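Chemist: Sharing a structure, written as C-alpha cells. Questions coming.
Any read-out appearing in this document is the output of simple, stated calculations on the displayed coordinates, not a laboratory observation. From a predicted model like this one, the values you see are computed outputs, not experimental measurements. Ideal geometry is used to build each Cβ from the backbone, glycine not excepted, and the neighbour counts take in all protein chains shown.
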Amino acid sequence: MQAQAAWVVDEARALPAEMEEQFEQELQALRDDTGIGLWVRALTFSDPGSNVRQTTLKARRQLSLDPLAALILVDRSSENIGVSYAPGVWQRYLPADLMRVGNEARRQAQEAGDDLPTRVRTAVTVMDRGLRQLEADRAASAGAPTAPELKIAGILALLLAAVALAGWWAARRWKGNPQHAVMRYFFPDAEVSHRLGAPFGGGVIVESADT
C-alpha cells in the first residue's frame, strides 16, 4: 500500500495539534485496513465564485492523484465541510452508498455545534466508520452470486422443471394408450452378404441346394 507522510493538511490552522495526531493514526489505520486514503484538508478560504463541491474536488486533485483517495475539506471562512471521492472509490463501491456516507458525515458535522474542530472530528468519525462498513460489505459479497445471476439461475431451474414435468406427463399418457398395450417389437430380418476371410463373418455361411 502507498505510504503517506501526512493525512492532515491544515493550511488554516483550524485544528489542535493533538487532534491532528489522532487523525494521522486513525486515517493511516483506515488506509491499512481498507486501501482507501482519506485526507483532511483545511483552507482559509475557497476560490471566489466556487461552491463547496467545486472547491473540494479541486482541493482533492491538488492533494493527491491516488485513485482510491477521499477528502474531507474544511473551509474556515465559511465553516463549510465538503467531501470528495476519487474515481477509483466510485468504482469500488456503489455511488448511492458513497453519497449516503458523505451526506451523513456533513449532516452530523453540522449538528455537532458551532465549534469547528468538533465538527471536523465528527465528520472524520462518520467517514471512517462508513468507509469501513462499505469495505466490509464489499468483502462479504465478493464470493456471493449477484442478483442478475440469481435471477438467471431461477429461470433455468423453472425451465428444467417444466421440461421434466412435460416429459413425465407425456410418458404416462403414452403408457395408458390401449395401442401401447398390444404393440410388440421385433428385430427385422436382414440378409448379410458373405464376408470372405473373416473368421467370425456374419451372414449366410453354408448354402445348399436340392438337385
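Chemist: Say R0 is 25 Å: what FRET efficiency, to the nearest 0.05, do Ala96 and Gln62 get from their beta-carbon distance?
Modeler: Approximately 0.35, to the nearest 0.05.
Chemist: Right, another one. What does the highest-first list of 87-99, 51-63 look like by mean Cβ count within 10 Å?
Modeler: 51-63, 87-99
Chemist: Quick check for me: using +1 on Lys/Arg Cβ and -1 on Asp/Glu Cβ, what's the dipole size of the range 46-143 about its Cα centre, in debye to the nearest 20?
Modeler: 200 debye
Chemist: For the pair Arg13 and Asp47, how long in nm is the line joining their label points, each one 7 Å along Cα→Cβ?
Modeler: Placing both labels 7 Å along Cα→Cβ, they lie 2.6 nm apart.
Chemist: Where does the charge balance sit around Gly82 when Lys and Arg score +1, Asp and Glu -1, over other residues with C-beta under 12 Å from its C-beta?
Modeler: Neighbourhood net charge equals +3.
Chemist: Cβ under 13 Å from Leu165's Cβ, Leu165 left aside: what net charge do those residues give with Lys, Arg +1 and Asp, Glu -1?
Modeler: That works out to +2.
Chemist: In addition: May I ask for the net charge around Arg60, where only other residues with Cβ less than 13 Å from the Cβ of Arg60 are counted and Lys, Arg are +1 while Asp, Glu are -1?
Modeler: Spelling it out: positives minus negatives among the neighbours equals +3.
Chemist: Skipping prolines and chain starts, which residues have an amide H placed within reach, meaning under 5 Å, of the one on Asn80, given they are 5 or more residues away or on another chain?
Modeler: Asp75
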